[in-house]
Ligand SMILES: [Mn+2]
């Protein structure tokens, strides 16, 4: 792997001939200082080094990289085994390794804010300026844009990582499907999925959603008991050992076939997803992919009698967003929402900003698609009381509430797959998993 990471470092330096310092970050304490959360290195660091080394810093100066490592405390070997051999590590990674004491970045060094506060404080001390999580300093924008330029279009090794994450994610969803039954609790379904990750030496890319309350978009309780007639929404993705993410959602019936009303709305969401996936190709603007899903969903709801009116007008007035309030997807890579630590800069690019419209404001991506980009496609249908009962959003007689009431056995449906943009169209990385 070192060849891959060396090539990425060279591509970065070719774009930006400036000193660059990127921290891996530090493990975070849970309930007392010695009891730590599992360590997850910064994705920028992983992209360029390939190994999650806690407390490490990558410095790129004068075209040459150096990895700086903290010297472990004297008694560390007792608890954590022998320290890393710097010479062997240098050989494995193909870059020089030096002790952290020797790190002296020049004042004009560019960096990106670490996610953890301890590392950001260290970053501020070493570079003599403040760092804020999720907020880019204007002087660091060239580095942010160079990283985005590299990570936006995945190289062969990145695509292999995404395929490995996709394979594990599909296996976990298959296990979930087999575990679903009336009387089973949501966390039991999650346990069956986690087994598939752990046995592969992988973890999760984001906290799991396994819920009979699919209308709560980020419901993470995992404590409810599934009942016959429920729909259970499962949004779970694997993360490979070197950080690549999967992100898949399925919505399954519990204990019996879907009711006719559940089956109709599930079909409408599947049709919206299929239309959106068919729109993914080089040159397509992602906002149009989103609007394709919105129009297909709206046409389906008009056919069912839930909405009334002209499909294009309903979408232009954001009536579809009463049921599909979020964006159709996002970039995926080392982060499940790739490079969202840089705000909207990766998803929107310079000069393009989020819409204020209800039906577009939650869209995380609005770029023109290019080969090598990977995105999710995840339309949904939800009955969220806070939206449907909001007088400010009442679409009047364009919503037939009496017909909608017949579909009360659907709380939330989402169907999500990971899609790689290819030269000719799209490759659905998670297509092996049935949707119905
Ligand atoms: Mn997603």
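Each reported figure results from applying straightforward, stated rules to the coordinates on display, with no laboratory input. Given the structure is predicted, the values throughout are model-derived calculations rather than measurements. When we count neighbours, we look across all protein chains shown, and the Cβ atoms used for this are built from the backbone with ideal geometry, even at glycine.
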Which of 187, 320 has the fewest Cβ neighbours within 10 Å, and the rest in rising order: 187, 320
In Å, descending, principal axis extents of the Cα set of the stretch 106-244: 63, 32, 24
Residue of 214, 128, 25 that the Gaussian network model of the chain assigns the largest fluctuation, springs spanning Cα pairs under 10 Å: 128
Expected 222 nm ellipticity per residue - DSSP helices of 4 or more, -39500 (n - 2.57), all of the chain, to 500: -10500 deg cm²/dmol
DSSP-defined antiparallel bridges as percent of all bridges, the stretch 1-158, nearest 5: 70 percent
Burial ordering of 436, 4, fewest other beta-carbon atoms within 10 Å first: 436, 4
When the convex hull of its Cα atoms is projected in every direction, mean area for the stretch 1-142 (nm²): 8.9 nm²
Ranked by how many other beta carbons lie within 10 Å on average, peptides 265-273, 221-229, 350-358 from highest: 265-273, 221-229, 350-358
With Cα atoms, 0 to 90° folded angle of helix 260-278 axis to the chain main axis: 50 degrees
Between the stretch 99-171 and the stretch 28-79, the Cα center-to-center distance that results, in Å: 13 Å
Dmax and Rg, reported as Rg then Dmax, of the stretch 288-403 (C-alpha, Å): 15.4, 46
Gain in span if fully extended, residue 356 to residue 84, counting 0.36 nm per residue against the direct Cα distance: 92.9 nm
Relative contact order for the stretch 148-222, counting Cα pairs under 8 Å that sit 6 or more residues apart, in percent: 23 percent
Cα-Cα P(r), the chain, percent of pairs per 10 Å interval: 4, 20, 28, 24, 15, 7, 2, 0
Residue among 85, 140, 76 with the largest mean-square fluctuation in a Gaussian network model of the chain, springs linking Cα atoms under 10 Å: 76
Selected from 153, 250, 71 as most flexible by GNM, with the chain as the system and alpha-carbon contacts under 10 Å: 71
Helix 141-152 axis, angle to the chain major axis (alpha carbon atoms, nearest 10°): 60 degrees
Rounded to 10°, Cα long-axis angle of helix 2-15 versus longest principal axis of the chain: 90 degrees
